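Heads up: the structure comes next, in structure tokens.
The values are calculated or read from the model by the stated rules, or taken from the named source; none is laboratory data. All values reported here derive from a predicted model rather than from experimental measurement. Glycine also receives a Cβ, built like all others from the backbone with ideal geometry; neighbour counts cover every protein chain displayed.
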Amino acid sequence: MLLRIIEHRQSVSLKVARRLAYRLGVSLYALLSGEAANSSLLLNPEWVQEFPPGFAPIEHKKPRDHAKIVKALRGIIEGSLAPPSKKQVALQLGVSIGYLEYRFLALMASTVKNHNDLAESERLNRKLQARRAALEYFIALKYEQAAKSRKQAYKVLRQDTGLPKFMLKEAIQDAYMAVF
């Protein structure tokens with residue numbers, strides 16, 4: 001950039017002149033008046049430091065091919081066995097969740113609904129598994145020698161099923177009340 005400015009191939013705005021003066025370690029007035037060579041700050045060793053936020057150049061966003069992204073989005077949604085979450089989709093496409101929600105609201109809404117439905121059905125299956133195991137503990141011959149207390153049922157079923165604590169406790173309480 002400096003060579004283009006020196007060789008008069010690029011015009012200089014006030015903002016560019018400020019950055020250049022800061023980078024060279026001279027005052028803006030000395031640079032604009034042509035007295036930069038006579039400035040005592042010219043050999044300042046801090047001239048290599050990074051720009052502060054007000055001086056930093058603006059980074060422009062890269063344009064995205066929306067048609068290509070929507071095609072890849074549909075491929076991910078249709079090609080996966082289990083409905084992916086918003087985060088998984090965004091990571092696979094290399095874009096942000098906000099971008100996907102802003103550009104493809106309907107597709108993302110259906111993706112979220114499908115993912116939530118799957119999560120809810122898995123939660124219900126685990127809850128039913130906990131209830132089945134709790135009822136089996138109090139009724140089945142397999143656990144005939146085990147003590148029929150809720151505490152003992154929790155210890156045994158926790159090892160056997162690996163289900164979460166509160167899910168098991170609720171199922172054991174329901175089964176205990178039904179049997180005794």
Original post:
Which of the residues belonging to segment 84-102 are closer than 16 Å to His115 by Cα and in a loop (DSSP other than H, G, I, E, B)?
Top reply: Pro84, Ser85
Subject >> Condition check for Ala82: at pLDDT 95 or above and in contact with a helix residue (DSSP H, G or I) (Cβ under 9 Å, 6 or more places away or on another chain) >> reply: no
Subject >> Criterion (assigned by TED's automatic domain parsing to the domain that holds Thr111, surrounded by 15 or more Cβ atoms within 10 Å (Cβ to Cβ) and either modelled with pLDDT of 90 or more or farther than 30 Å from His115 by Cβ (or both)) met by exactly one of Val70, Val26 >> reply: Val70
Original post:
Only one residue in Leu163, Leu100, Leu124, Leu157 is under 29 Å from the mean Cα position of the chain (by Cα) and at pLDDT below 95, so which one is that?
Top reply: Leu163
Subject >> Options Leu91, Leu100; residue that is assigned by TED's automatic domain parsing to the domain that holds Leu73 and surrounded by 14 or more Cβ atoms within 10 Å (Cβ to Cβ) >> reply: Leu100
Original post:
Take the residues of segment 45-67 that are of a type in the set (D, E, K, R) and loosely packed, with under 10 Cβ neighbours inside 10 Å: which is modelled with the lowest pLDDT?
Top reply: Glu46
Subject >> Enumeration of residues in segment 11-28 that are hydroxyl-bearing (Ser, Thr, Tyr) and free of Cβ contacts under 8 Å to residues at least 24 places away in the same chain >> reply: Ser11, Ser13, Ser27
Subject >> Verdict on Gln145 being loosely packed, with under 15 Cβ neighbours inside 10 Å, at pLDDT below 95 and assigned to a helix (DSSP H, G or I) >> reply: no
**OP:** Can you work out which of the residues in segment 123-142 that are small (Gly, Ala, Ser) and part of a helix (DSSP H, G or I) is surrounded by the most Cβ atoms within 10 Å (Cβ to Cβ)?
**Re:** Ala134
